[in-house]
Each structure stands twice: as structure tokens, then as C-alpha cells.
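Data block below; observations after.
Bear in mind these aren't lab numbers, they're just calculated from the coordinates by the rules spelled out. None of these values were measured; they are calculated from a predicted model. So basically every Cβ, Gly included, is an ideal-geometry build from the backbone, and we count neighbours across all protein chains shown.
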Amino acid sequence: MMAKTDSGPAFPRGGERGMSLRDFVATQALIGYLSANGDTGERARANPDLAAEWAYQNADAMLLERAK
């Protein structure tokens, strides 16, 4: 389930685009994932590539739901 777009800028300012909405949502998901207690947080901290992939999968799902 991949988003076809980054959904545009999250925080445009002046003439600059800023980070994409997809990046912002993935960052927020990653913060929650990394701060989780127990095995979930430990696995995320032990494997940053997997944690990043998980964060973008969740961001894509959220953006697809938003587009409905």
C-alpha cells in the first residue's frame, strides 16, 4: 500500500516547500515507534532500517486514508 505522491509540502514558508507531508507523518510515526516500551521499541532501536520502512508504510497508509 504505497502512496503515489508525497502529498505536497507540510509546512511551506515563503517560496520554500519545506518537508513533505509524507516525511512529516513518517517522522511522527517513527517517534512513537521508537519511544514504545517493551519489545516493539527495542526492535525499532536495534534495526533502524526496519523502523524507517515501518514509518513510511504507516505514513503511506495514513495519506491514502486521508485521500478517500
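Tallying residues that are loosely packed, with under 13 Cβ neighbours inside 10 Å and on the phi > 0 side of the Ramachandran plot within region 13-67 yields 2. Do you know which residues across region 5-18 are in a loop (DSSP other than H, G, I, E, B) and of a type in the set (D, E, K, R)? Selection gives D6, R17.
Pairing each residue of region 19-40 that is under 11 Å from A59 (Cα atoms) with any residue that is β-branched (V, I, T) and surrounded by 17 or more Cβ atoms within 10 Å (Cβ to Cβ), provided the two are 6+ apart or on different chains, yields no C-beta distance under 9 Å.
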